[in-house]
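Here is the structure we will look at, set down as structure tokens.
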Amino acid sequence: MGQHIVSKVLLREWAAAVKHTTIEHVQPYDLQHPKRRLNTRPPRGIGKIENFVPWASTSLEIKWGLVERELPDALAAVKAGIALGQPRTAGILRDLIALHYIRSHHYREAFNRVFTEFLPRQREWLLTERADQLEAAYLQHTGRPAAGPEDLAAIADEIFSLMLDQFHDGSLLRVRIEASFDQARQLMAQYSLEILETEEGEFLIGDNPALTVRKEGDSLSHGMALLDSHTTVLPIGPHHMLALGPTPFYGRLAKSAVDKMNVLQIKAAREYVYTRPNSYLAAIVREEATSRSPRL
């Protein structure tokens, strides 16, 4: 089942009328094949990943939906310039950043990487540092003492088998992603909301849109842990971006700053970025996609 990792409500901000359609469309770009021109698509047909959370995802979709249902009014408040004066709206927009930070390629890939590295280390630790406890577990489980290392390895594998099954069927990710979403919301609630508007140019949005960012001199880096970042950003339309900061702030970004943020979106994206149909950004996307490091 395809599940949106970029909210449909958010993608609609980039949608516009195109010829021969009655529904507004968005322009996708395939970063693996940047010279290929893709057809425009309606928001409901893009920004998805197959079986992002394959196990009991309906209840999680409902939880995310509580945030997304509030978005049309929140986005309207941003455009009207009144969002920072509405604490509830500011909270919804912070939750939107948290949602896209956790419901992402980046999070799922990090979870899979950490788990596959964790399990062998924990198994080795049990066999070397807790062999006496494994011997006791083997005796309790089988009614006889362990005959050697093979028996201890067998009981260690049995201990981890349930967790491994939960990893493979997606239930472990389901539990962790809900807990991580709640943790991200709580952490981001400690920060104020910044709303950044373009002076010139426009934002695009990638399929890993909520980015942790550090600024070192004139350069920007992304992808670090939340607590190691200077801010977390999320484009919410061609002319607006959210960021976290120490105090509520409304600012305007010069085109050079907008361009830097767009480059970060392209670098961080897993497969696709999206713009308005017929956007001038098409040439920039193709240039940056051609020069970026290939994805495994």
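The values are calculated or read from the model by the stated rules, or taken from the named source; none is laboratory data. All figures in this text were calculated on a predicted structure; none of them were measured in a lab. Every residue, glycine among them, receives a Cβ derived from its backbone with ideal geometry; neighbour counts consider all protein chains shown.
So which residues in region 245-288 are within 21 Å of Asp228 (Cα to Cα), of a type in the set (A, V, I, L, M) and touching a residue at least 60 places away in the same chain (Cβ under 8 Å)? Those that are within 21 Å of Asp228 (Cα to Cα), of a type in the set (A, V, I, L, M) and touching a residue at least 60 places away in the same chain (Cβ under 8 Å): Ala268, Ala269. In the set Pro28, Pro34, only one residue is over 18 Å from Phe181 (Cα atoms) and not in a loop (DSSP other than H, G, I, E, B); that residue is Pro28.
If we scan region 135-155, do we find a residue that is part of a loop (DSSP other than H, G, I, E, B), aliphatic (A, V, I, L, M) and either under 24 Å from Ser57 (Cβ atoms) or at pLDDT below 85 (or both)?
Start the filter on region 135-155 by keeping residues that are part of a loop (DSSP other than H, G, I, E, B), which leaves 143-148.
From the residues that got through so far, the ones that are aliphatic (A, V, I, L, M) too are 146-147.
Restricting the remaining residues to those that are either under 24 Å from Ser57 (Cβ atoms) or at pLDDT below 85 (or both) gives 146-147.
Scanning region 135-155, I find at least one residue that is part of a loop (DSSP other than H, G, I, E, B), aliphatic (A, V, I, L, M) and either under 24 Å from Ser57 (Cβ atoms) or at pLDDT below 85 (or both), so the answer is yes.
The set of residues in region 70-106 that are modelled with pLDDT under 95 and of a type in the set (D, E, K, R) contains only Arg103.
Would you confirm whether or not region 235-244 contains a residue that is free of Cβ contacts under 8 Å to residues at least 40 places away in the same chain and either among the aliphatic types (A, V, I, L, M) or in a strand (DSSP E or B) (or both)? Yes, region 235-244 contains a residue that is free of Cβ contacts under 8 Å to residues at least 40 places away in the same chain and either among the aliphatic types (A, V, I, L, M) or in a strand (DSSP E or B) (or both). Taken over region 210-227, the criterion of being within 10 Å of Leu264 (Cβ to Cβ) and modelled with pLDDT of 95 or more is satisfied by Leu211, Val213. Residues in region 76-97 that are loosely packed, with under 14 Cβ neighbours inside 10 Å and either hydrophobic (A, V, I, L, M, F, W, C) or not assigned by TED's automatic domain parsing to the domain that holds Pro246 (or both): Ala76, Ala80, Ile82.
Pairing each residue of region 86-110 that is under 15 Å from Ile236 (Cα atoms) with any residue that is hydroxyl-bearing (Ser, Thr, Tyr), provided the two are 6+ apart or on different chains, yields C-beta distances under 6 Å for Ile97/Thr232.
Considering only region 53-69, how many residues are over 27 Å from Thr89 (Cβ atoms) and of a type in the set (A, V, I, L, M, F, W, C)? Can you show your working first?
At the first step, the residues of region 53-69 found to be over 27 Å from Thr89 (Cβ atoms) are 53-58.
Going one step further and asking which of them are of a type in the set (A, V, I, L, M, F, W, C), we end up with 53, 55-56.
Result for region 53-69: 3.
The single condition among (1) more than 30 Å from Ala210 (Cα to Cα); (2) surrounded by 14 or more Cβ atoms within 10 Å (Cβ to Cβ) that His105 does not satisfy is (1).
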